[in-house]
Amino acid sequence: MGEEYADLRPGSRPPRRRASVLTWHDDAVTVLSDSPFVRACRGLPGPHTPVWFMRQAGRSLPEYRKIREGIGMLESCRRPDLVTEITLQPVRRHGVDAAILFSDIVVPIAAAGIDLDIVAGTGPVVADPVRTEADLARLRPITADDVDFVAESVRLLVAELGATPLIGFAGAPFTLASYLIEGGPSRTYLKTKAMMYGAPRLWHALLTRLADITLAFLRTQVDAGVSAVQLFDSWAGALSEADYREFVMPHSARVLGGLADAGVPRIHFGVGTAVLLEAMGEAGADVVGVDWRTPLDVATRRIGPDRAVQGNLDPAVLFAGWEVVEREARRVLEQGRAAPGHVFNLGHGVMPETDPDILTRLVALVHEASAG
């Protein structure tokens with residue numbers, strides 16, 4: 001680890017004696033499995049509705065902006081010391097019920113040999129997009145050794161977090177494919193859909209390869225100790241239900257099904273997915289994330305009564321004043337009661353301009369309003 005960050009990780013717990021490692025590990029697994037977050041994911045009652053925020057570790061926090069000064073995103077993701085500190089920041093500040101590993105959905109495809117960069121203000125940019133059979137050959141399988149820095153980050157975090165669960169994550173095959181084919185972010189996904197409709201054999205070959213890469217990436221995180229995983233299919237809302245079922249769902253199911261024996265809850269999230277919620281649940285998730293457009297009670301009827309839900313306060317509400325935030329948060333909590341389990345979250349990520357104090361107050365509100 002870089003010595004300049006050697007003092008960043010809290011040292012409040014004494015080192016564990018070697019003779020007690022196995023006992024400590026078994027006890028820790030029991031404690032984490034009984035945490036409010038994991039219980040809610042499994043549809044079990046808990047002391048309160050758990051809450052965490054997508055992008056809770058990020059630009060809304062001044063401590064994050066300070067520590068990331070002069071360090072590129074991909075480099076940040078590859079430094080376990082830095083990943084550990086950034087992941088812990090919102091847990092310390094907000095008191096959320098779960099941490100999420102600081103990383104990026106393109107980390108595994110960079111490890112698979114794709115030349116890309118995460119450009120500030122733009123997002124992932126691929127130097128040579130994948131659009132032909134020859135291009136596909138550049139995307140090789142990955143092993144745990146290719147992302148050993150991720151495993152090391154998870155191990156460090158599990159030791160620091162104690163009774164707070166850590167969520168691992170990855171991008172879903174469709175969303176990763178859209179970046180690879182378009183060469184970067186897109187509003188229309190014209191090239192992506194052109195391949196999907198016009199070259200289905202190449203399309204399915206690409207998504208099969210991406211599913212295997214994603215599964216290997218998530219398996220590495222599970223083996224290192226995460227308590228849950230989230231599959232981000234951020235851009236699946238660009239599809240009709242019929243297209244999702246034919247061209248995307250089998251590959252997401254390949255990932256989620258590959259983790260069926262992992263012993264951790266699987267969360268599946270996308271944006272603009274109101275018409276896809278039933279199919280996303282069928283793909284193999286234990287928890288379906290819902291964006292702010294669909295009330296949670298409506299979403300539960302579409303997903304079915306055997307899966308928990310996550311969400312779904314509109315991130316823009318956080319800018320409307322505390323009275324509005326409180327009213328809308330209570331509405332989300334009430335609608336979430338329709339599901340067997342509810343994990344409170346935003347309907348998408350925390351916006352960079354968000355006042356972090358509002359998030360801290362929101363966590364306390366959710367805990368207080370749902371206790372008992």
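For a paramagnetic label modelled on Leu44 (point 7 Å from Cα along Cα→Cβ), amide N atoms under 15 Å away belong, within region 259-296, to 263-266. Taking the charge dipole of region 231-273 about its Cα centre, with +1 at Lys and Arg Cβ atoms and -1 at Asp and Glu Cβ atoms, the residue from Val248, Leu259, Gly237 reaching farthest to the positive side is Leu259.
Summary of packing: across the peptides 141-149, 67-75, the per-residue average of other C-beta atoms within 10 Å ranks them, highest first, as 141-149, 67-75. Cβ-Cβ distance of Arg59 and Ala127, R₀ of 35 Å, FRET efficiency by 1/(1 + (r/R0)^6): the value works out to about 0.90.
Each part reduced to its alpha carbon centroid, region 134-174 and region 268-339 end up 26 Å apart.
Within the set (i) 66, 45, 37; (ii) 121, 43, 39; (iii) 54, 49, 39, the number that Cα extents along the principal axes in Å takes when calculated for this structure is listed as (iii). A simple charge model with +1 on the Cβ of Lys and Arg, -1 on the Cβ of Asp and Glu and nothing else charged puts the dipole of region 20-370 at about 540 debye relative to its Cα centre. Using the Cβ-Cβ distance between Ser186 and Ala163 with R0 set to 51 Å, the FRET efficiency from 1/(1 + (r/R0)^6) comes to roughly 0.80. For region 31-66 versus region 214-244, the spacing of their alpha-carbon centroids is 18 Å.
No lab work stands behind these numbers, since they all come straight from the coordinates. Remember, predicted model here, so these are calculated numbers, not experimental data. Neighbour counts run over all protein chains shown; Cβ positions are idealised from the backbone, glycine included.
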